[in-house]
1. Please state the shape class of region B:405-521: rounded when a/c is under 1.5, otherwise prolate if a/b exceeds b/c and oblate if not, all from the C-alpha gyration tensor.
2. Where does chain B land at 222 nm, in deg cm²/dmol rounded to the nearest 500, when only DSSP H runs of n ≥ 4 count, each adding -39500 (n - 2.57), divided by all residues?
3. Using 1/(1 + (r/R0)^6) with R0 = 56 angstrom and r between the beta carbons of A:Leu173 and B:Tyr449, what's the FRET efficiency to the nearest 0.05?
4. What is the magnitude of the charge dipole of chain B about its Cα centre, with +1 placed on the Cβ of each Lys and Arg, -1 on the Cβ of each Asp and Glu, and no other charges, expressed in debye to the nearest 20?
5. Would you mind checking the tilt of helix B:337-350 against the longest principal axis of the Cα atoms of chain B, expressed as 0 to 90 degrees and rounded to 10?
6. R0 = 35 Å: FRET efficiency of B:Leu327 with B:Glu349, Cβ-based, nearest 0.05?
7. Using the C-alpha gyration tensor of region B:288-549, what are the square roots of 5 times its eigenvalues, in whole angstrom, with the largest one first?
8. Would you mind working out the magnitude of the charge dipole of region A:123-193 relative to its Cα centre, with +1 at each Lys and Arg C-beta and -1 at each Asp and Glu C-beta, to the nearest 20 Debye?
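Readers should treat all values here as calculations from the given coordinates under stated rules, not as data from a laboratory. Predicted model only: the values in this text are computed from it and were never measured. Positions of Cβ are generated from backbone atoms using ideal geometry, with glycine treated the same way; all protein chains shown enter the neighbour counts.
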Amino acid sequence: MLPDYPKVKARLVEKFMDRMKLVHKAHLSVFAEVPPTIMHEGNRHVLTREDGSVDEMTPKRMEAEATLEFDMRKAENLEVSQILKLIDTIAEGLAKEKFKVFLQTMDEAVTKVGNVVDPNKKGVEAFFDGMEKRLLDFDENGQPGPTQFLVGSEETAGKIRDILRQIMETPELRRRYDAIIDKKREEWRDREIARNVVE
Amino acid sequence: MIERLLETWLNKANERSFQIPFCHWLAYTGHTVVHMSRHCAMEMGKDILAIDPQGVPCAYQLKGVDGGRMTIGEWRRELGQQIHPLVSERIVHPSITSPQHHRSFIVINGDFDEEVHRAIDDFNQTNARSGYPERKVETIVKGQLFQAFKELQADFWATNLHNLRSYLELLTEDGCGQLPKAKLCSLFESALPFEAKVEKGRKKKRTVGECTRAFAGCAIICASAISQYTGQSNHLAEFEAWTLFFSYTLALTEKWKLPLSKVKFALDVAQEAIYSSLGRLCDELMKREVYVQGTALTLLADAAVYRVRITHLLGLMGIYGFWRMSLIRDGKETVDEARDAFLRKFCAEKSKLIWLWGEYAIPQILALNFFASRFTPQRETEGRYFSLIHGITRQNHPKSEHALANPYYDPEMILPHLLGLEGKPLEDSFAGSSYYLEGLMHLAVRTNYKQSMKMVFPEITRIGFHSYVPEEPWQFFLLSNRGKGTSHTRFLKPPHKWEKLRTEAEECEGKDIPAIMKRFPLLYSCLLMVMPHRVSASGLRWLATEMDKG
């Protein structure tokens, strides 16, 4: 074989992988905050929730492709930018795949339990319907936890911002909003009380 | 190549290293082995006692020969004094009832110098002239051991050359650190016939004969692969290696539904090896004034791992103390006041240094507790269950950023992260789940401290109880089953009624552990120390019940 320098190459590969993870994370958006868990053994996972519902999950394989076209005979001309582009493409591809799986899994889960917004409702009514259906946690002082919206486009994000503004500025709508929060707070309190041991 | 490897190991081996393979060879050749030395401080007399196929009792004295040849000086210094009792003193052992005088063997992993041969011959001649021709020393030397061991493990090497690398890597370790369990287990998985035999296109079950021979070969592979650790008196590594051997022996037994009586020898020898490694560790602790390890700068770094070591030692001594008590009760171990007092003192004093650094450490703390419950106030050992629950719920709550690692992570894997030595974060999250919490909750409920339980319970409900169930019972005994079986996460469903909790906590059938494991409660505790991820709530409840029985 020709002289090789595996240690330094391994370190470079490590750097490539670091970059891939960064780009991957950036494309995953809000889902990047979901902490990864390694499945050390087994080929399926069964989750039994507090309400007794059971879900079975099997690992899904995700693939992404990228092609780097260059002439091996001109390896000395391979530029760093080409390598980085290849890495970024793979990372983005994997992130998109993962993103799709996240959405699909969420969609299946909420559809299964009927936790979807009535399609006939629009605007503020659709927003309130969504709020009614979501599970909301509160802190020790009874304040609701932070809320995140995952939307498909900048236009939808703008619409939600407008709806929120409308609710906050319209006393009647604000009262309805507060009532839903109060109801959610009661539900949370009930859940917390249910954590206790009873006779 | 194979012969060179065997020869290299045999040349370097001390008597402890080749004792177990030698016992397996004796059994393979029709002997009944009734005793093997523990090589502990309290051990006296003959290393191995056996009955040969003709019913004649045999006593063996093993000696590791550094450098390959025993000189007359070494003979006089190291064996000369032992020959007379070996040959003349009657064997006292309940399994040896024959009135016939025993045969006496010196077994060395080298050769004797010519002068030693002459000294042995003189000894034998003198006895014969004095009217005691039966008081004769026979010898087994390296060449004979070599042939015997080669024969037993021939199948392994013939078909598993790809594992040569793992074997060589183990052989070239310095033997001072943690045992690379995955490497050793990959050797076991190759040495033991877990796959069916295919004959004329049909799958056939493995026979008892095939399996017992494989156990003997596997024992040689185990002893030789860990010889560096044995040479360094790395008692923990020996404990782990023979516990894994025990576990894999049960795996094959379960896989082919072998009668337990047919594998008894392999299991007995492994248990003896596990117990004696704990005994030697206790010897070392008794001799030491301090429990630090290392030299120069590594000694300075020891402070960071000191409590991890002490926690581990407490678990090991907990198992040893408990095991000793059981053996003494059954008349199989002698009372040793100093040793027993040391064990109690060590466990009581050092338990203040326990560090719950990860779930890997929990079976260590439980083993200590099972032993300590025999001599410390109940509130202390029972309170430890609540401390563990508090530790887990505090660190593994769903939003935690510093959760306790799950039991798949040993100290070498997780400490760099805990000590801030690892630049990159661990890509595995543990928040919101625990492998041990459910079992601990049940043990705590059994204490009947209802008010204490009420205080910790809301936090318990936030955490998912994690467990793994293999596809087939025999896979329970393997170190890892990647891609096979089911992992479970279960959250408690309200309402949480005290009476229901009590009923669940009292259940002790151990439904999630294979029936064959239940024949060896203490060994399940050992297994959890080596493979802490083989825990289940039902397993813990069963273990605690068995430990309560003593």
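1. It is oblate, given that a/c is not under 1.5 and a/b is not larger than b/c.
2. -17500 deg cm²/dmol
3. Efficiency for this residue pair is about 0.65.
4. 1620 debye
5. The answer is roughly 30 degrees.
6. Given R0 = 35 Å and the Cβ-Cβ separation, E is 0.90.
7. Semi-axes (√(5λ), whole Å): 27, 25, 19.
8. 100 debye
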